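Below is one structure, written out as C-alpha cells; the observations come after it.
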Amino acid sequence: MPAPLLALVSIISAAFAIDEPAALVAEAMDANRDLATMALRVTELDALAHAADVWPDPMVGLEYSNVPVTTWALADHPMAGLQLRIQQTLPYPGVTELRRDVATSRVQVASASLAETRVRLAGMTEGTWWRLVLTRQLRAVTEDHVALTDKLVASARARYETGSAGQHELVRLQVLREKLQDDLSDFDRQDRQLTAALTAALHRSTGTQFETPTTLVVLPVAGDLATWLTQARTARPALEEQRAIAQSAELASRLARRDARPDLTVWGGYRLRTAETEMDPGTDLVAIGASLPLTFNAARAGKAQAAAALYAARGARERHDANGQAARGLLSY
C-alpha cells in the first residue's frame, strides 16, 4: 500500500477508534482546574502546618529613661539611664502542640476532600460514558425492532386486506411501531445530553463526538456484600473527610479551651547609668519581671469557641455515620 494511502487509513482509523473510559477519566482529571486549585490548597495548608507551633518572637527594646524634661541629659539626674529590655511571651503548656495538630488535621481534611472530588469526577465521567454506550446499544436494538415491526405491519395489512386477520391486529402493530419510533427519539435526545456532559467534563470543544463499542462483554461479579461494605467504609474519601473534619473540630475545641488560659510574659532589663552623687555611686541597675493577662473575656470566648467546635465535630460524626449507612443500603440493594 502506498505511503500516502496508508497514512490516510491510519488517520481514518484513529478518528473512529473506540474511546476508552480510563483514558477519558485521565483526561478529565488533567483538564479539571478545580482539582489543581484544591491541590494547591493542600500544599498551602501543609506549608502553614510546618510553622503552626512556633513561639512568638522575643521583643527587644532600648529605653532612654528618667531624664529631666528640662535638659534631656543622662548626667543631670541620678535615676537617668539607658535601659536595654528583652521580653518573651511563653505560650501556655500544650498550646503550640495543639496548634500544630489542628493545622495538620486541616491538611488531612483538604487532602480527603481532593480525593473525594477526584472520585466523584471519575465516577461521573465513566458513568456518563457507560450510559452513552447503553443508550446507543439500546437504540440499535430498537432500530432492529422497528425494522421487524415494519415487516409485521406489512404482513398484517396483507392479511387484513385478504380478510384473514382482524383490523385490531394491524392497529396494535402500528401503535407498537409508533411507540418504538418515540423511543428512538428519546435515545437520540439522551445521546446528545450524555455527549454534552462528557464534552463539558473533558473541557473539549462543542461538537465533539465519542465512539462507543457496539457489543459488550459481561464481566463476572467479584466479591460479596461484606467485602464491598468494608472497602466502602475504609477506602471512600468522603468518609475519611468526615472523620478528618470531626477530628479537626475536636482538636480545635481542645485548643480553644487551652488557648483561653493566660500566657506568661517575662522580661529583663539592664540600665546603664552615668550620673553619680555622694549618696549614689551610679551603679548600673537590672530589672526582671513577669505578667499575666486577666482572661475574663478570653475565657468566655474560649468556652464558646470550644462548644461550637464540639457541635461541628458531632455534625461531622453524624454525616459520617449517615454516609456509611447509605453505602450499606446501596450495596444491599
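The values are calculated or read from the model by the stated rules, or taken from the named source; none is laboratory data. Not measured: the values here are computed from a predicted model. Here the Cβ is made from the backbone with ideal geometry for all residues, glycine too, and neighbour counts use every protein chain on show. Keep in mind that these areas ignore ligands, DNA and RNA; they rest on the heavy atoms of the full protein, side chains included. Shrake-Rupley method; radii C 1.70, N 1.55, O 1.52, S 1.80 Å.
Quick look at the numbers
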{"read-out": "Unique match (being touching a Ser or Thr at 6+ places or on another chain (Cβ under 8 Å), at pLDDT 90 or above and either surrounded by 11 or more Cβ atoms within 10 Å (Cβ to Cβ) or more than 26 Å from Thr125 (Cβ to Cβ) (or both)) among Val54, Val60", "value": "Val54"}
{"read-out": "Asp321 vs. criteria charged (D, E, K, R), modelled with pLDDT under 90, out of contact with any strand residue (DSSP E or B) (no Cβ under 7 Å at 6 or more places or on another chain) and not in a helix (DSSP H, G or I)", "value": "no"}
{"read-out": "Enumeration of residues in region 76-94 that are of a type in the set (A, V, I, L, M, F, W, C) and either surrounded by 18 or more Cβ atoms within 10 Å (Cβ to Cβ) or touching a Phe, Trp or Tyr at 6+ places or on another chain (Cβ under 8 Å) (or both)", "value": "Ala80, Leu82, Leu84, Ile86, Leu90"}
{"read-out": "Number of the exception - Leu132 against (1) closer than 30 Å to Asp30 by Cβ; (2) open to solvent by 40 Å² or more (accessible area, probe 1.4 Å)", "value": "(2)"}
{"read-out": "Filter result for Gly269 (exposed (fewer than 15 other Cβ atoms within 10 Å of the Cβ) and not in a helix (DSSP H, G or I))", "value": "no"}
{"read-out": "Pair list, Cβ under 9 Å, 6 or more apart: region 61-76 residue without any contact (Cβ under 8 Å) to a residue 40 or more places away in the chain and more than 15 Å from Glu276 (Cα to Cα), other residue part of a helix (DSSP H, G or I) and open to solvent by less than 80 Å² (accessible area, probe 1.4 Å)", "value": "Tyr64/Leu74"}
{"read-out": "Any hit, region 137-151, residues being outside any helix (DSSP H, G or I) and out of contact with any Ser or Thr (no Cβ under 8 Å at 6 or more places or on another chain)", "value": "no"}
{"read-out": "Hey, Val102 at pLDDT 95 or above, closer than 30 Å to Arg41 by Cβ and either part of a helix (DSSP H, G or I) or open to solvent by 80 Å² or more (accessible area, probe 1.4 Å) (or both) or not", "value": "yes"}
{"read-out": "All positions within region 216-255 that are exposed (fewer than 12 other Cβ atoms within 10 Å of the Cβ), outside any helix (DSSP H, G or I) and in contact (Cβ under 8 Å) with a residue 24 or more places away in the chain", "value": "Leu216"}
{"read-out": "Only listed residue being of a type in the set (Ser, Thr, Tyr) and either under 17 Å from Val119 (Cβ atoms) or not in a helix (DSSP H, G or I) (or both), chosen from Thr199, Thr208", "value": "Thr208"}
{"read-out": "The listed residue being among the hydrophobic types (A, V, I, L, M, F, W, C), farther than 30 Å from Glu44 by Cα and free of Cβ contacts under 8 Å to residues at least 40 places away in the same chain, out of Leu138, Leu152", "value": "Leu152"}
